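Since every read-out is calculated from the coordinates, none of them should be taken as a lab result. Please read all numbers here as calculations on a predicted model, not as lab measurements. Note: ideal-geometry Cβ built from the backbone for every residue, glycine included; neighbour counts use all protein chains shown.
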């Protein structure tokens, strides 16, 4: 996997077409991002592109991923953070699992959610591009949290959610366990869950899974 | 979208003049990824072009490479002798092995499975021979592999051969052994094929109209291609029965089939290239066809070639016998509407009933409007609904 670092403001100036996977890593801490991205690219075990995007306009994780989704072309598109630590062959194992299971979204082993939630994930572009209007990857109402939870629910609803425990992208954030979630994101998630995510998810147990 | 090229690709032109205005993307996309100035990253590499076809016997346990890697080290027997104490090979045995393909490749049915990356080997079917096409760069994709295999010693003497993709199991839901069993249980055919996208049989008149929903301006490009190649473009709007639907180039066939099919496709491609308006020809060979990058930046050519099979079987291949292998896993995924729609269309085709075909179109449009977004329906429903009912 190749690794490219780019400023968000310059994202649209290049043609990001890849025959494989594009993994987006929004970042604000250049040192952490470089360390994480270099290791992840070297350990991926598959062709593709790790696109580390410096959020120089402070758009936030969700918006950066959405902009990257719209600006790139590839069969598979994923997201990770600057504090990710990659295990060996993480991308190769993820792709194998997705193809074996005809999956649309894979949740990496993040060392936290045990597969219940794709906090770092890899999705089929063909599927992801049908979820929201205007080529958004995540629902645009979220700022920092719950966008991944909603995407996971949609994938579960489509019977295409895949977890491969050997595909490791651990979140290494020493201070995050105690951090509170964004209140407005939680409120939005609950509201959307109550409406079955635009009436798509009729199973209330599934819709309320993370509410 | 990222650049002007994408904006052009996203807009659906409705006339041939507008197609001509489509800007081919080849030169832009070929660059793949260019790191911005100051980046420490490496640019993505393109593989070197195929330069040679292997024509030596191939050991069954080793993946077959259609194009040898120039960087691969050539084994030097002298080096090996220095490093190990393996006794020298009997000269008679060595000579025999050099003359005869190994036992596995003496099988009358030889099915190869194309793959491109190491991690894909895990997904290959043990019933097939791994075929390393990592250095393949032809825009013809699978068809280029067929052409190379036809000339390759690996297919010589086979009664049936074919090359399937590494996604065979995922797409068909079948094991290779079951596929071979189907072939053996239905002997006497020239080509065995299948259609992994069974839902298309229910909701599209044919695979050309289906292509319009997957590749920008596919019908207009295909029509220009047909006219230039001297093919009958009525094919593009006619109702085809489900029995002839085929996708993914999953063919296992006799040498007789390949001897007819490969030159047919070549002839059609050459004729189209020769007579097409240069601007449309540039679009034909551009990556506008894969506007979302879901097919490795493929041009229109492989999408047209994979749809020529049905036409070939009704024209130059009409003497050939074909057997369509059913895919139970994919059949199970059809809902009740899709099953009814397919049956309705097939009955309309069999009885040549324009009235029933019109009923099918109405039901089909109702189904599509319930299962797709308003934008999708506004963009495609009219285009994929020919006003005239015609059967092939």
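So the values come out like this:
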{"item": "Segment B:143-179 and segment B:341-360: distance between their alpha carbon centers, rounded to Å", "result": "34 Å"}
{"item": "Cβ-based exposure ranking for A:31, B:280, in which fewest neighbours within 10 Å come first", "result": "A:31, B:280"}
{"item": "Where the Cα pairs of segment A:2-131 fall when distances are cut into 10 Å bins, in %", "result": "13, 48, 35, 4"}
{"item": "Antiparallel %, DSSP beta bridges [both residues in segment A:2-207], to 5", "result": "30 percent"}
{"item": "Relative contact order %, chain A, counting alpha carbon pairs below 8 Å whose residues are six or more apart", "result": "21 percent"}
{"item": "Within 10 Å of each Cβ in B:285-292, the average number of Cβ atoms from other chains", "result": "2"}
{"item": "Degrees between helix A:61-71 axis and first principal axis of chain A (Cα, 0 to 90, nearest 10)", "result": "70 degrees"}
{"item": "Inter-chain shielding of A:127-133 (mean C-beta neighbours from other protein chains, 10 Å cut-off)", "result": "1"}
{"item": "Shielding by partners - mean other protein chain Cβ count within 10 Å, residues of A:86-93", "result": "1"}
{"item": "Between segment A:157-200 and segment B:230-282, the alpha-carbon center distance in angstrom", "result": "47 Å"}
{"item": "Ranked B:381, A:154, B:294, criterion: other C-beta atoms within 10 Å, fewest first", "result": "B:381, B:294, A:154"}
{"item": "Point-to-point label distance, residue B:362-residue B:106, nm (Cα→Cβ direction, 7 Å offset)", "result": "6.4 nm"}
{"item": "Residue exposure sequence - B:333, A:7 - by fewest surrounding Cβ within 10 Å", "result": "B:333, A:7"}
